[in-house]
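Okay, so here's the structure we're looking at.
The values are calculated or read from the model by the stated rules, or taken from the named source; none is laboratory data. All of these numbers come straight from a predicted model, not from anything done at the bench. Cβ atoms come from the backbone with ideal geometry, glycine included; neighbour counts cover every protein chain shown. To get the accessible areas, we keep the full protein, side chains included, count just its heavy atoms, and leave off ligands, DNA and RNA. Shrake-Rupley method; radii C 1.70, N 1.55, O 1.52, S 1.80 Å.
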Amino acid sequence: MTDTVSEIFELFRASGDQAYFGEAVSQTEHALQTAALAEQFGAPPHLVVASLLHDIGHLLHGLGEGVADEELDARHEAIGARWLADRFPEDVCAPVRLHVAAKRYLCAVEPAYAAALSPASKQSLRLQGGPLSEDQAARFILGRFGPDAVLVRRWDDKAKVPGLPTPGLDHFRPYLAVCAMRSD
């Protein structure tokens, strides 16, 4: 059986150097920055792991950086959450699955948030359905994992700084190991 942590590290080695869609950082840089922000916040291990892996669907779908330019929503959050579901508990998978909905939620409830999105995030927001309706937003934030997804989203949005020093993947190995489901 393949070790979950090794499998994740291999995904980052194979595809992590790809540009993070429309931003000046790679997929790996973005993941590491997001996880480092969660750690600095004092987040519990499951949210540090969700932050590190929130965009793992981009490493899995193989559609390339230009997918949004082709007017496609790759549904990376669903792809990533499905893949993670065999490896991690729901408290890791749900924020990954919901981090796009969290962006849509924040756009609905915080006009300044929507205005501050990067051009790439604005483009993907449009492809992802735009801001949630008032009713959808109310239901989202009351959901069990809504607040966790909003935290991941806020760290996600700040994790696009070219050249920002962060710990490497090995630093997050203990978080991954603690959170990974055991099959034995």
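Ranking Gln123, Pro147, Phe172 by how far each Cα lies toward the positive end of the dipole of region 103-184 (charges on Cβ) leaves Gln123 at the top. With θ taken as phi - 60° and the Karplus curve 6.51 cos²θ - 1.76 cosθ + 1.60 applied, the whole-hertz 3J(HN,Hα) list for region 43-60 is 5, x, x, 5, 7, 5, 5, 4, 5, 4, 9, 4, 10, 4, x, 5, 6, 9 Hz, x standing for glycine and proline.
For Ile8, the accessible area of its heavy atoms, probed at 1.4 Å with every protein chain present, is near 0 square angstrom. Here's how it looks for Asp55: its modeled amide H is under 5 Å from none belonging to a residue 5 or more places away or on a different chain.
Residue order by solvent-accessible surface for Thr34, Thr28 is Thr28, Thr34, largest first, with ligands and nucleic acids left out and a 1.4 Å probe.
Couplings 3J(HN,Hα) for region 124-135, derived from phi with the Karplus relation 6.51 cos²θ - 1.76 cosθ + 1.60 (θ = phi - 60°), are 5, 4, 4, 5, 8, x, x, x, 5, 6, 4, 5 Hz, where x marks Gly and Pro. Axis of helix 76-85 versus longest Cα principal axis of the chain: the two differ by about 40°, to the nearest ten degrees. Amide hydrogen proximity for Ser26: with H placed 1.01 Å from N in the peptide plane, the residues at 5 or more positions away or on another chain lying under 5 Å are Tyr20. Classified by the C-alpha gyration tensor, region 70-156 has an oblate form. Its axis ratio a/c, with a ≥ b ≥ c, is 1.5 or above, and a/b does not exceed b/c.
The ellipsoid equivalent to the alpha-carbon distribution of the chain has semi-axes of 24, 19, 16 angstrom, derived from the gyration tensor eigenvalues as √(5λ) and listed largest first. For the pair Glu7 and Glu90, a Förster radius of 30 Å applied to the C-beta separation gives a FRET efficiency near 0.95, rounded to the nearest 0.05.
Accessible area ranking (1.4 Å probe, heavy atoms, ligands and nucleic acids excluded), largest first, for Arg153, Arg82: Arg82, Arg153. If you count only protein heavy atoms with a 1.4 Å probe, what accessible area per residue comes out for the chain, rounded to a whole Å²? Per residue, the chain has 47 Å² of solvent-accessible surface. Simple point charges give the picture: +1 on the Cβ of Lys and Arg, -1 on the Cβ of Asp and Glu, and for the chain a dipole about the Cα centre of about 400 debye. Using the Karplus relation 6.51 cos²θ - 1.76 cosθ + 1.60 with θ = phi - 60°, the per-residue 3J(HN,Hα) values for region 35-42 come to 5, 5, 5, 4, 5, 4, 6, x Hz, with x marking Gly and Pro.
For region 140-184, just say rounded, prolate or oblate: build the C-alpha gyration tensor, square-root its eigenvalues into a ≥ b ≥ c, call rounded for a/c under 1.5, and beyond that prolate if a/b exceeds b/c, oblate if not. Can you show the working numbers first?
Working: a/c = 4.36, a/b = 1.02, b/c = 4.29.
The shape class here is oblate.
Rounded, prolate or oblate for region 23-64? Axes are the square roots of the Cα gyration tensor eigenvalues, ordered a ≥ b ≥ c, and the cut-off for rounded is a/c under 1.5. Because a/c hits 1.5 or more and a/b fails to exceed b/c, region 23-64 counts as oblate. Whenever you get a sec, compute what percent of the accessible area on region 91-184 sits on carbon and sulfur atoms (1.4 Å probe). In region 91-184, the share of accessible area belonging to carbon and sulfur is 58 percent.
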